[in-house]
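Asks: Sharing a structure with you now.
The values are calculated or read from the model by the stated rules, or taken from the named source; none is laboratory data. Keep in mind that this is a model prediction, so the values were computed, not measured. Glycine also receives a Cβ, built like all others from the backbone with ideal geometry; neighbour counts cover every protein chain displayed. All accessible areas refer to the heavy atoms of the entire protein, side chains included, with ligands and DNA or RNA removed. Shrake-Rupley method; radii C 1.70, N 1.55, O 1.52, S 1.80 Å.
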Amino acid sequence: MFKFIKILFTVLFTVVIIAAVALIVFIKTFDLNKYKPMIEKLVYEQTGRQLSLKGDAGLKISLIPTVVVNDIALSNAPWSANQNMIEAQSVEVSVAVLPLLHKEVIIDNVSLVKPQIYLEKNKSGVANWEFSALQDTTKPEDKTQQTQAASVAPEAVAAAPVLAGIFAKNFTITDASLIYNDNQASSVTELKINDFKLSSESMDSNVNIAFDVIYNGEDINGTAEIGSINSLLQKTEEYPLKADVKAFGVTAQAEAMLYDLFGNLSFKASVTANNPSGNFGAPQISINTALSGNLQKMTAVLNNLNVNGNVITGTVNADLSQSKPYVNANLQSNKIDVESLTAKATKTAFGLGLIPAVYAAEFIPATPLDLQSLNLLNADVKLQIATLVVNKNLQADNVILAASLKNGVLTVNPLSLNAGDGSINGNMKVDANNNTFSADLSGKDVILQKFWKELAVSNDKNFGIISGGKTNLKIKLNSQGSNLRQLAENLNGQVIGIVDESEMQTGALKYLTGNFVSQLLKSLNLERKQKNLQLSCAVVRGDIKQGNITFPKGIVFNSPQVMVVSNGTVNLKNDKIDLTISPFSGNLSDTNIAQAISSLVKIAGTIENPKIAIDESAVIKNIIGVATTGPAFLGSQLVLDVDPAPCYTALKGTEYQNMFPAPSGVKATGQKMYQDTGQAISDGVKAITDTAKDGAQMVGTGAKDGAKAVGNAAVDGIDMLTNTAKDVINMFKRN
């Protein structure tokens, strides 16, 4: 028995050796190269493109037979600048031996080495991946038979039985590049594939994907898991997908279920993502959202959108079935801190940043506005914020914003918020079709020191509002332009700010240091005679027409202790400032020329580089007035320049003109003199100087020596006064 078994094994071993030797001989003698012309012809007939198998084709001897084809190229479309559409250094296919005995092809590995793919569209929109097979020469009767055979299985599942018997456990691509050139859109996209791998144990197992690519210079890598090949081929109702990706510095995880993959595709998914601080110049952003819908309509439920500690929740619906995509969003947040919304917090145009920003601002640049992006979609968005923190000193509550975007027209209405125990309401509109902008905002009963906390009294040394501070605001603007400069130059409207009766503590204006406003206050030389000021009213009114802001005696600080009125213009077209400042202490007994000159201050220069200057014309007028009519002129001039109702004057002609009482009786006469006699005073001074000049010229034949002497004296007097004025002006300039 033992001898029989030994003989049997010897025979079987001999058969295996003979079979192995025969296989080796077959592999060595089998020449795949003779099949290359057949393969090239088949590809040409099906695509109309030339396949070039320029390298050797053969079999590697190993336990896993491997077919290797080197130096492959597929020709490009005739109109393309590149000769080949696809090139590859080599293609390797490894096949498992044992499954072949069961007529099953199990491909262990398919590997593409250094493939280069060139995809492009020409200017007419034709793509180079659109192939055209050679003309069909099949006989009509054969076509009829083919049609009848095809009618038996009308569904496009012909690939299923073929793929069911062919399966690759691993598919890899290494060191590949793909370039997509869209000549119609003048854009180029480049994708470099360092590594790409698909792997699965069987047709019924999930497919694992790993990739490491560079898209237009940005690294993208990650892993994914999708459903099995059989579930895909059999069109199962549900198809799973998981992914963990890092792209453009952002990490994201997604888990989804796809439904009716080959029909009306729909999905449900959960997505989490994180953008680290500084990436894209943005703060840290994380999101947790649930997505659902189909390719036409979808919904995103924001469970948590966290932007550097600012949490936003809500829903976003998108409808892509319309001619223009439509988005509807309803968002909420308990708190938004504006300064934290940037990677590096910067000062805003509110609160602390306002005056320094104006002082250091460059002239308005011609930065283009991309308003046409408003035509990309239609949208309705509602945003509610419980607390909006602009900076540590500026805060608003109950912010409600409703925005509608339709056919390039963005409308924000309403825009409302509570600020400093008051309210601010308004609306805005931007029309991308004609590059127009408008805004209308109103503020009512805003307690200034509560809205802007730095105006609250924090110690006994700094300026602040002790009580009162009730403020009304009105901003109404409109403009047109395709860039910032055009918007500034075409700006029209009105800006009004009004502060009602208040008690103020005098002191250092710590938030106005280092700018021309602080220089101005110092130049006024106003001594603090008492700690507190009783403010009757304060007004800022600017009328804007074609980029020129006029302040018609429109900047007022009215207090029994001191009154300051400013008049002038700020021109946004040429960046010029021309504002006169007229303070009045209310005490004429101490009046003298030096005090008058020091009070006649103006702001000149540009917005970019404002300067404090002396109002030379007013100085000369006062000096001549004093010299020709005596010191009483200066007192009368100051009396005429004091308006008994400056806030009424500043608001006259506006919707707030009745907010403060108009002067009556003697005060009304004084107010009318203030409004109407300013030019008369200047004309009077001019008449005096003209008379003096005329007297100097009254020298002629028959003139008396006395007249000549008067004329010479007048000329000398004018010269003396002019020189004195110049000396005084120069003195103040030096100081």
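Asks: How far is it, in nm, from the label point at Asn375 to the one at Glu201 when both lie 7 Å from their Cα along the line to the Cβ?
Replies: For Asn375 paired with Glu201, the spin-label model returns 5.7 nm.
Asks: Sticking with this one: From the phi of every residue in the range 117-123, what ³J(HN,Hα) in whole Hz does the Karplus formula 6.51 cos²θ - 1.76 cosθ + 1.60 yield, where θ is phi - 60° and glycine or proline is x?
Replies: Per-residue couplings from phi come out as 10, 10, 10, 7, 10, 7, 5 Hz.
Asks: If you don't mind, another one. Mind ranking 180-189, 429-438 by how tightly packed they are, going by the mean number of other C-beta atoms within 10 angstrom, highest first?
Replies: Values: 180-189: 13.4, 429-438: 16.3.
Averaged packing, sorted descending, gives the order 429-438, 180-189.
Asks: Got a sec to turn the phi values of the range 300-317 into Karplus ³J(HN,Hα) couplings, 6.51 cos²θ - 1.76 cosθ + 1.60 with θ = phi - 60°, whole Hz, x for Gly and Pro?
Replies: Result, rounded to whole Hz: 10, 9, 7, 6, 6, 10, 10, 10, 6, x, 8, 9, 10, 10, x, 10, 10, 10.
Asks: Could you list log10 I(q)/I(0) for the range 411-460 at q = 0.13, 0.20, 0.25, 0.30 Å⁻¹, which the Debye formula gives when each Cα is one point scatterer?
Replies: -0.45, -0.72, -0.87, -1.02
Asks: How many angstrom lie between the Cα centre of the range 283-344 and the Cα centre of the range 397-431?
Replies: After rounding, the separation between the Cα centres reads 19 Å.
Asks: Same structure again: Could you go through the range 235-240 in sequence order and give the Karplus-derived ³J(HN,Hα) for each residue, using 6.51 cos²θ - 1.76 cosθ + 1.60 with θ = phi - 60°, rounded to whole Hz, and x for Gly and Pro?
Replies: Using θ = phi - 60°, the values come out as 6, 5, 5, 10, 9, x Hz.
Asks: At 0.692 mPa s and 37 °C, plugging the Kirkwood radius over alpha-carbon pairs of the range 188-332 into Stokes-Einstein gives what diffusion coefficient in µm²/s? Please report the intermediate quantities before stating the final value.
Replies: Working: Rh = 17.3 Å.
Using the Kirkwood radius from Cα pairs, D works out to 190 µm²/s.
Asks: Continuing with this model, one more query. Around Val457, which amide H atoms from residues at least 5 apart in sequence, or from another chain, sit under 5 Å from its own amide H, with H modelled in the peptide plane?
Replies: Ile465
Asks: Could you look at the range 244-330 and say what percent of its accessible area is carbon and sulfur, using a 1.4 Å probe and all protein chains? Write out the running numbers ahead of the final one.
Replies: Numbers: 2640 of 4700 Å².
Heavy-atom surface of the range 244-330 belonging to carbon and sulfur, 1.4 Å probe: 56 percent.
Asks: If you don't mind, another one. Report, in listed order, any pair from Lys197/Lys246; Lys392/Lys545; Lys382/Lys406; Lys192/Lys246 with a Cα-Cα distance greater than 25 Å. Present the calculation step by step, with values, prior to reporting the outcome.
Replies: Details: Lys197/Lys246 17 Å; Lys392/Lys545 35 Å; Lys382/Lys406 15 Å; Lys192/Lys246 16 Å.
Long pairs (Cα-Cα over 25 Å): Lys392/Lys545.
Asks: Counting pairwise Cα distances across the range 200-255, what percent come out greater than 15 angstrom? Walk me through the intermediate numbers first.
Replies: Numbers: 839 of 1540 pairs.
Value for the range 200-255: 54 percent of Cα pairs lie more than 15 Å apart.
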